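Visitor: One structure follows; several queries about it will come next.
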Amino acid sequence: MDRIDIHNGSTGELRTFTEKEIVRKWIDEARTIEITPDPNQEQRTGFRYSANLYEGDQQKFGFTDGHIGNVYILSSEQLYNQLKNLYES
């Protein structure tokens, strides 16, 4: 991956990160976060932060603090903080 786009769900603002060391470090830290699927998979809307990861101009992976792919997840403060810290850096 060589780019991460983070959207703030409250403001709609987008921040893009392309510095290789920042991207690599963030991915390495994020991959250790334990995610638990929400037993309630009813559709919902909204998010606090979302992330899209790219190779070149092609999006390879995207998620929010509330779902990954088509699976809703239980709230994870660790995931939320990881997204927020990158966005605010």
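The values are calculated or read from the model by the stated rules, or taken from the named source; none is laboratory data. Just so you know, these numbers come straight off a predicted model, no measurement behind them. All Cβ positions, glycine included, derive from the backbone under ideal geometry; neighbour counts span all protein chains shown. Surface accessibility is based on the protein's heavy atoms, side chains included, excluding ligands, DNA and RNA. Shrake-Rupley method; radii C 1.70, N 1.55, O 1.52, S 1.80 Å.
Visitor: Among (1) of a type in the set (A, V, I, L, M, F, W, C); (2) touching a Ser or Thr at 6+ places or on another chain (Cβ under 8 Å); (3) outside any loop (DSSP other than H, G, I, E, B); (4) modelled with pLDDT under 95, there is one condition residue 51 misses while meeting the rest; what is its number?
Guide: The single condition residue 51 does not satisfy is (4).
Visitor: If you scan region 1-27, which residues turn out to be assigned to a helix (DSSP H, G or I) and open to solvent by 80 Å² or more (accessible area, probe 1.4 Å)?
Guide: Step one: list which residues in region 1-27 are assigned to a helix (DSSP H, G or I), which gives 20-27.
Selection gives 20, 21, 24, 25.
Visitor: Just give me the residues in region 28-46 being under 17 Å from residue 4 (Cα atoms), open to solvent by 30 Å² or more (accessible area, probe 1.4 Å) and either more than 14 Å from the chain's Cα centre (by Cα) or touching a residue at least 24 places away in the same chain (Cβ under 8 Å) (or both), in sequence order.
Guide: Step one: of region 28-46, the residues under 17 Å from residue 4 (Cα atoms) are 28-31.
Those still in the list that are open to solvent by 30 Å² or more (accessible area, probe 1.4 Å) too: 28-29, 31.
Of everything in region 28-46, just one residue is under 17 Å from residue 4 (Cα atoms), open to solvent by 30 Å² or more (accessible area, probe 1.4 Å) and either more than 14 Å from the chain's Cα centre (by Cα) or touching a residue at least 24 places away in the same chain (Cβ under 8 Å) (or both), namely 29.
Visitor: Checking residue 61 against (1) at pLDDT below 95; (2) in a helix (DSSP H, G or I); (3) among the aromatic types (Phe, Trp, Tyr); (4) touching a strand residue (DSSP E or B) at 6+ places or on another chain (Cβ under 6 Å): exactly one of these is not met. Which one?
Guide: It fails just one condition, (2).
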